[in-house]
Every structure is written in structure tokens, then in C-alpha cells.
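To start, the structure itself, in C-alpha cells.
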Amino acid sequence: MNKKVITRVAPSPSGFFHIGTLRTALLNYLYARANDGKFILRIDDTDQKRGSEELIDYIYEQMSAFKLHHDETFKQSSRLPRYREVADLIGENHEDGSVFINMGDYNMTILRADGYPLYNFASTLDDYDYNITHIIRGVDHISNGPKQERIWKEINLALQDDKPFPELIHAGLLLDGKTKKKISKRDGSGLVSDYSDYSNEAILNWILKLGWSSKDPQFDKHYPTLTLEEMVYVFNSGNINPANTKVFIDKLEWLHKKHQKNERNNSN
Ligand code: GLU
């Protein structure tokens, strides 16, 4: 029997909810639901300088506004003792108390002297402990894959286990349709709140097509809009697109009008 599918989305509360985060959340949610699996919401809040309770609450609000319900959720900040425990098993100490593992040609710090973990280590240990089987995220994470796989092997060795490393699936970058520049949360573009004039259903449809496409070239013609349930239903008959995608607001406007029309028809 195949192992139960478990996916996760892991937003950092470092800025207001971004369409890139919403896309990652939607794709991981759909993957889990389409395969009778489990979907976990993890909050990457160990970078204390940037995180804030208000931003964390906002993530929860947005996830539930878009009906991307999780089966389980946790904050990395609640797992500091676990990061310490495993870091001490797999790593070596620097003089200052930080912990590193030797990658061959360089030392990678996994735990800072103040006990806070670095992203690659915390993320890998979380995926390990929560038995994550599939990770869908942006191609900007491609270079983290081999580092995380290496850390995973160290954890398996230390804990005398043989858990399989999750399958990594990458979705292309989102580029502004006009400027062709990356839509980045660092420069404040692409916040979900910028699209508050549009319905959440239209936004989800728009976002889905920014990372997923059906194998049937006629699909969009026949099914211009989908409910979340319909997305779950069709998800496995399409692919996640690793190529960069241009984002056009006109498409969202069009979808929004389609949705309004559907609603009017349904209420007649
Ligand atoms: N907190 C990371 C981010 O927002 C998570 C990356 C990952 O999915 O591993 O990019």
C-alpha cells in the first residue's frame, strides 16, 4: 500500500499575505485533497525580527477565508527544544555555542548560539517529524533541496530510521505581466489584499492557473471557472508548471465577471 500523502505549506509571517503564498497553499491543499491525504499549515516564525502575532493571525484568517482548511497546524517557535535535541545529535559545536554540520567543502550552521534554528534545518526536521511526503513550492527553493536532503540523511542516521525524503515539486516564478519582473513580497507587490475588489472564488481560479494546467488543451475553454471542490476533482489530471508564469490582472477581472454571472444564474 502506498503511504498516506501529507503536504504542507509553510508561510513566514514576514509580510502581508502574498499571492505566491496563496498559490503554494492552494497547490499543496489540492494535492492532499485529491490524493486523500493530509494538509498541514506550518508557521515559520523563528525569525523573530520579522515575525509578529498580527501577521500570523492574518495568515490563519486568509487561509480560512479561501477555505483552504488544514488538518493540523503548528508554529516553529513551539519546537525549539526539539531543534536543540536533534541539532546536538547530528551537529558539532562552534566556540560560540552555535551548531553546524560539515557539508564537505563548508560548514553549514543549523542552530544559532541563541538556540534558534536556521531555515534549512528547521524545515527539514519539521518535514521529517510530520512525515511529509510531497512539497510543492516555488523554483526559488530549488537550491535548498540538496541541502535538505543531506540534513535528512543525517537525521535518519542519528535516529536510526530510514524515512524517505519527500518528493519536491517546483512551480515557476510569478512575473508581472507588464514589467516581466518577479512579483516579490519583499518589494510589496502581489499582496492578496491588493485584489480585495475581486471575489475569493475568482482569485483562487486565477491563482490555480498560475501554477497548474490541465493536460487537456481544451480544458480552459470548457471549464473557465471551477469551485474548490471541482479543483480537487480535476487536480490529478493536470500538471504543476515549473516554467515562470506571467501574471495579468485582466484575467482576474474576466474571471470575476464570470463568477458574478454564474452566481446570478444560480440564484434565478
Ligand atoms: N518559510 C519558507 C518560505 O516562506 C518555506 C519554504 C518551504 O516551503 O520550505 O519560503
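The values are calculated or read from the model by the stated rules, or taken from the named source; none is laboratory data. What you see is a predicted model; the values in this text were computed from it and never measured. Counting neighbours? That spans all protein chains shown, and the Cβs are built from the backbone with ideal geometry, glycine included.
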Between LEU210, LEU252, LEU228, which is out of contact with any Leu (no Cβ under 9 Å at 6 or more places or on another chain), surrounded by 14 or more Cβ atoms within 10 Å (Cβ to Cβ), within 21 Å of ALA65 (Cα to Cα) and aliphatic (A, V, I, L, M)?
LEU252
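Residues PRO164, PRO146: which one is under 20 Å from PHE121 (Cα atoms), part of a helix (DSSP H, G or I) and under 21 Å from the mean Cα position of the chain (by Cα)? Give the steps one after another, and end with the answer.
Values: PRO164 fails: part of a helix (DSSP H, G or I).
Unique residue meeting the criteria: PRO146.
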Can you tell me which residues in the stretch 98-122 are within 16 Å of the ligand (Cβ to nearest atom) and either among the aromatic types (Phe, Trp, Tyr) or assigned to a helix (DSSP H, G or I) (or both)?
TYR116, TYR119, ASN120, PHE121, ALA122
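Yes or no: SER123 of a type in the set (Ser, Thr, Tyr), at pLDDT 95 or above and either over 24 Å from the mean Cα position of the chain (by Cα) or loosely packed, with under 15 Cβ neighbours inside 10 Å (or both)?
On the way: of a type in the set (Ser, Thr, Tyr): yes; at pLDDT 95 or above: yes; either over 24 Å from the mean Cα position of the chain (by Cα) or loosely packed, with under 15 Cβ neighbours inside 10 Å (or both): no.
Criteria not met by SER123.
Which of the helices (runs of 4 or more DSSP H) contained wholly in the stretch 4-97 include at least 1 residues that are free of Cβ contacts under 8 Å to residues at least 12 places away in the same chain? It would help to see each step written out before you state the result.
Numbers: elements: 19-34, 53-65, 80-90.
Of the helices (runs of 4 or more DSSP H) lying wholly inside the stretch 4-97, those with at least 1 residues that are free of Cβ contacts under 8 Å to residues at least 12 places away in the same chain span 53-65, 80-90.
Quick test for you: out of ILE6, ILE19, pick the one residue that is under 28 Å from ASP176 (Cβ atoms), within 14 Å of the ligand (Cβ to nearest atom) and either aliphatic (A, V, I, L, M) or in contact with a Leu (Cβ under 6 Å, 6 or more places away or on another chain) (or both). Explain how you work it out, then say what you get.
Values: ILE6 fails: under 28 Å from ASP176 (Cβ atoms).
That would be ILE19, the only listed residue that is under 28 Å from ASP176 (Cβ atoms), within 14 Å of the ligand (Cβ to nearest atom) and either aliphatic (A, V, I, L, M) or in contact with a Leu (Cβ under 6 Å, 6 or more places away or on another chain) (or both).
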Counting only residues that are within 12 Å of the ligand (Cβ to nearest atom) and of a type in the set (Asp, Glu), which one in the stretch 22-60 is farthest from PRO164 (Cα to Cα)?
ASP47
Residues within the stretch 129-164 that are more than 13 Å from the ligand (Cβ to nearest atom), of a type outside the set (Asp, Glu) and touching a helix residue (DSSP H, G or I) at 6+ places or on another chain (Cβ under 7 Å), tallied:
3
